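Here is the structure we will look at, set down as structure tokens.
The values are calculated or read from the model by the stated rules, or taken from the named source; none is laboratory data. Bear in mind that the values here come from a model prediction, so they are computed numbers and not experimental data. Here the Cβ positions follow ideal geometry from the backbone for every residue, glycine too, while neighbour counts run over all protein chains shown. What goes into the accessible areas is simple: the full protein's heavy atoms, side chains included, and nothing from ligands, DNA or RNA. Shrake-Rupley method; radii C 1.70, N 1.55, O 1.52, S 1.80 Å.
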Amino acid sequence: MSMTHVGRRLFLAGTAASLGVIAFGGGVPAAVRSWLESPLGDLSPSDGFHFYSVTGSIPQWEPQTWRLVVDGLVDRPLALARDELTAAGLVTITADFHCVTGWSVSSVRWAGLPVRDLLDQAGLRPRATAVRFESADGVYVDYLDLPTARAAGVIIALNMNGKPLTAERGAPGRLVVPFFYGYKGVKWLRRMTAVAEVATGYWEARGYAADARIRH
Ligand SMILES: Nc1nc2c(c(=O)[nH]1)N[C@H]1C(S)=C(S)[C@@H](COP(=O)(O)O)O[C@H]1N2
Ligand SMILES: [Mo]
């Protein structure tokens, strides 16, 4: 895997986040939380998002060789190229995006594949109760229980606001769970694995709520 470093500031912020974890033993107070996340991102004037990468890097991908893997407790493991994903016909959802640190972007239009369809295509085995989502950054991992993973609107987004995802937004694919806070949405998604038990996601292990449902 090759990575592009996105600057010293982001790298230092990632380091600060790791140190924060040690200092707070996994429970991050709300005030500290915004300090942990906020230095990672500048406001993007084009789309209103703040850029986050806990590794300080953006994983590179080659259109020729990139595959989204669906594996684990399935009958037919999949490895799908971007073309194969788009060929199925994308669904579009529009949702307000909320980060727990307090910023939001209203009416984001995502297009992608329902996670439910990919799971059906792979054929879930009865023992599967959750799905593990892994980023190509090798660090950011999160989980959804099966009812959530199969819910309407839960997609692997390939496009945002009518264009392919940019590198910062998570190209080529990003998990979007429109009713959850942004931290559940793994960027640079490379692997979905059906597993027997739900487990703790990246930020949940660092103090974020296991119930990521957006509260207004
Ligand atoms: N791989 C990866 N995915 C990630 C993150 C990250 O640091 N790395 N940050 C998460 C958090 S906390 C939020 S709010 C959103 C931010 O998305 P953005 O960087 O496109 O603004 O990405 C989520 N997905
Ligand atoms: Mo976030």
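Overview of results
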| quantity | calculated |
| --- | --- |
| Efficiency of FRET between D145 and A81 - r from beta-carbon atoms, R0 25 angstrom, step 0.05 | 0.30 |
| Charge sum, other residues only, whose C-beta stays under 14 Å from G162's C-beta, Lys/Arg counted +1 and Asp/Glu -1 | +2 |
| Extension gain, E197 back to D71 (0.36 nm per residue minus Cα-Cα distance, nm) | 43.9 nm |
| Using a Förster distance of 35 Å, the FRET efficiency for R125-H216 (Cβ separation, nearest 0.05) | 0.40 |
| Lys, Arg +1 and Asp, Glu -1 on Cβ, resulting dipole of the stretch 58-129 about Cα centre, debye, nearest 20 | 140 |
| Under Karplus coefficients 6.51, -1.76 and 1.60, residue-wise ³J(HN,Hα) of the stretch 102-111 in Hz, glycine/proline x | x, 9, 9, 10, 8, 6, 7, 9, 10, 10 |
| Span per principal axis, largest first, for the Cα atoms of the stretch 55-98 (Å) | 35, 29, 24 |
| Simple spin-label estimate for D47 and S104 in nanometres, 7 Å along Cα-Cβ | 1.9 |
| From phi via Karplus (6.51, -1.76, 1.60), per-residue ³J(HN,Hα) for the stretch 147-155 in Hz, x at Gly/Pro | x, 5, 4, 8, 5, 4, x, 7, 9 |
| For V195, residues with placed amide H under 5 Å, excluding near neighbours | L73, T129, A130, V131, R132 |
| Probe 1.4 Å, accessible area per residue of the stretch 57-216, Å² | 44 |
